[in-house]
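Data block below; observations after.
Each reported figure results from applying straightforward, stated rules to the coordinates on display, with no laboratory input. Quantities reported herein were computed from a predicted structural model and do not represent experimental measurements. Cβ atoms come from the backbone with ideal geometry, glycine included; neighbour counts cover every protein chain shown.
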Amino acid sequence: MTRWLSIIGIGEDGYEALTPAAQTLVENADIVIGGKRHLAMLPADGGNQISWPPPIHTAVKEIASYKDKKVCVLATGDPFCFGIGRLIADAIPISEITVIPAPSAFSLACGRLGWAFQEVDTFTLHGRPGALFEPAIQPNAKLLILAQNSDTPREVAERLIARGFEKSKVTVLERLGGKKEIIRTETAATWKHNDADPLHVVAVDCIAGRNAQCLSRLTVLPDDAYESDGQLTKQEVRSVTLSVLSPSPGQLLWDVGAGCGSIGIEWMRRDRRCRAIAIEPNKKRRQMIANNATALGTPALDIVAGDAPDGLSDLETPDAVFIGGGLSQEGVFERCWQALGPGGTLVANAVTLKSEQLMLSLYETHGGSVTRIAITRAKQVGTKTGWKPFMPVTQWCIRKPHIKTSS
């Protein structure tokens, strides 16, 4: 297959720092595409140059129309590190592309700070909500964040302060690798600058203060982390539920009868590649789901208005389904089971006798496993302490067989 397209990573050190092979691909290209900043780095006698027109997704798809020419795309640093490389590879087979990356901003930042790359959590807030890095705010964590604009360091500092991590060290690394490189470090509490060059990385060395709110990604959140109207799956039940759902990176969950959204949120907090759809008919609860998702670092949670089973139509095939409410409604299980992908897991929790009776009937028909979860917490009783039981939860878990392939 002819490699007619090349993607060349270019850094702040400019065209002269490119390898001879990369320079040759640029010089021999019939068309060179890049941002205005990239094109300005090229020699003055460069050939046909095209600056990216908006919207970028449409422009990327149009590259395929130049297949009869030699095309070179310039990208910042490593094109496949939160860059345009993935968009292009989705539209054009990688077998037709030559890729020569430059060091990413993250690699350069680690080199300046002396951080081991494998021990760092990396994010981009370019065109994305700041809440995305909330789950990574953990004691002793190290974060690298590609900025949206000059205001990003202030937003990062404010989120750290709100979580009680005001002592965290915030470092802004501007124009890395170029002659105008600037590095500034302060604590989140003392950060006052808003004049950073738009092209910068924010590095955070997370230090928990005395009153830090540490919301672990490795276990479920406490009940008081959620805004709710009482329709909240209790912490202990959430722990068991997430254990049997077994989230894996990239999988999609349906949270049916989502309430305040806790199961879908916990699912997505396990790994930033996990996705979830919260289906909830109550408007006030949908607002609570949105509030919780934003506050707890999963702003991409998809919230769908509607009752099951009708509200489940036309949704993407799930890898797992949790039915927290509505199991007793006619057709809910059948619709969920039909939609569930091969090898997927369905988990349902029941607290009412009607739902439990239906669950046991389904269990006898389809199999799986049934568990009774009973929680008792120590509570103040007058001047003394006693045990307060919560309503027991009956949980049914069933896994859908993989499709057998013929030998």
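What is the spread of the Cα atoms of segment 296-407 along each of their three principal axes, largest first, in whole Å?
Reported extents, whole Å, longest axis first: 68, 37, 29.
Run the numbers on the chain and let me know its relative contact order in percent, using alpha-carbon pairs under 8 Å that are six or more apart.
About 10 percent, as a whole number.
Using the Cα atoms of segment 223-399, I'd like the radius of gyration and the largest Cα-Cα distance, Dmax, both in angstrom.
Expressed in Å, the Cα Rg and Dmax of segment 223-399 come to 16.0, 55.
Could you work out, for the chain, what percent of all Cα-Cα pairs fall into each 20 Å distance bin, beginning at 0 Å and stopping at the bin that holds the largest distance?
Binned Cα distances yield the sequence 23, 44, 29, 4, 0.
Multiplying the sequence separation of Q380 and H126 by 0.36 nm and subtracting their Cα-Cα distance, what value in nm do you get?
Answer, rounded to one decimal: 86.6 nm.
For the pair E119/T98, report the inter-label distance in nm, with labels modelled 7 Å from Cα in the Cβ direction.
It works out to 3.9 nm between the two label points.
Put a dot 7 Å past each Cα toward the Cβ at Q231 and W387; how far apart are the dots in nm?
3.1 nm
Nearest-5 percent of antiparallel DSSP beta bridges in segment 223-399?
Beta bridges within segment 223-399, antiparallel portion: roughly 50 percent.
Taking 8 Å as the Cα distance limit and 6 or more residues as the minimum spacing, I'd like the relative contact order of segment 90-240 as a percentage.
Details: 239 pairs, mean separation 35.6, N = 151.
Relative contact order, segment 90-240: 24 percent.
What order, most packed first, do the peptides 35-43, 90-98, 227-235, 195-203 have when packing is the mean number of other Cβ atoms within 10 Å of each residue?
In decreasing order of mean packing, 35-43, 90-98, 227-235, 195-203 become 195-203, 227-235, 35-43, 90-98.
What does DSSP give for segment 106-205 in terms of the percent of beta bridges that are antiparallel, rounded to the nearest 5?
Taking every DSSP beta bridge within segment 106-205, about 80 percent pair in antiparallel fashion.
What are the equivalent ellipsoid semi-axes of segment 1-125, built from the alpha-carbon gyration tensor (square roots of five times its eigenvalues), in whole angstrom, biggest first?
Values: eigenvalues 123, 59, 36 Å².
Gyration-tensor ellipsoid for segment 1-125: 25, 17, 13 Å.
Nearest 5 percent is fine: what portion of the DSSP beta bridges confined to the chain is antiparallel?
45 percent
Rounded to the nearest 500 deg cm²/dmol, what is the calculated helix-only ellipticity per residue at 222 nm for the chain, with -39500 (n - 2.57) per DSSP H run of length n ≥ 4?
Working: 11 runs with 101 residues, N = 407.
Per the formula, -7000 deg cm²/dmol.
Let me check against my output: what whole-number percent is the relative contact order of segment 5-102, with C-alpha pairs under 8 Å and at least 6 apart?
46 percent
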